[in-house]
């Protein structure tokens, strides 16, 4: 396996873990502030998990030959365009929340997390801006291809989002239970 493939797998595993952790923490936040907790759940848990599962399912069904090359290109480009923007919005929100915690006396760890969130958000924004037009072009070419299948795309996305909801909502509910016990 190539180094980039290994790095990509590591990133997906880390995104999976962070999505679960964010869902759990969003549940804990929901005990105190239901609106903020649900927003954090969607942006920090559900959508990132949907992204991870959409990528994994796309690679698996493409490798097995169940979807065409153009459908796989569409799914990967769509994932970049849609989820990339959601990650930037989430990054701005996470940076704000961690900065607010750090300013209120969260300690050196809160400052470290704030700095990481800020740089990760800037990196995500730069990557999104630099890759936007090439992914938009790939999206358009995939749609124009003769072997593109809307049904395949919808099935992969529905499967990814359904699985993402089941997994992250379980973590969210556990976080709500833990949040009720603490307060």
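Here, each number is a calculation from the coordinates, and none is a lab measurement. Predicted model, so just to flag it, every value in this text is computed and none were measured. Positions of Cβ are generated from backbone atoms using ideal geometry, with glycine treated the same way; all protein chains shown enter the neighbour counts.
For this structure, a couple of remarks:
- Classified by the C-alpha gyration tensor, segment 64-158 has a prolate form. Its axis ratio a/c, with a ≥ b ≥ c, is 1.5 or above, and a/b is larger than b/c.
- Degrees between helix 3-32 axis and first principal axis of the chain (Cα, 0 to 90, nearest 10): 40
- C-alpha center-to-center spacing [segment 1-48, segment 78-102] in angstrom: 11
- Computed packing ranks the peptides 17-25, 142-150, 158-166, 49-57 as 49-57, 17-25, 158-166, 142-150, most packed first, by mean other Cβ atoms within 10 Å.
- When 133, 82 are sorted by how many other C-beta atoms sit within 10 angstrom of their C-beta, beginning with the fewest, the order is 133, 82.
- Normalised contact order of the chain, rounded percent, pairs of Cα under 8 Å and 6 or more residues apart: 38
- Size-normalised alpha-carbon gyration radius of the chain, reference 2.2 N^0.38 Å: 1.13
- Calculated log₁₀ intensity ratio I(q)/I(0) where the Debye formula runs over C-alpha points of segment 7-101, q = 0.16 Å⁻¹: -0.71
- Computed per residue of the chain from DSSP H runs no shorter than four, each worth -39500 (n - 2.57), the mean residue ellipticity at 222 nm is -31000 deg cm²/dmol.
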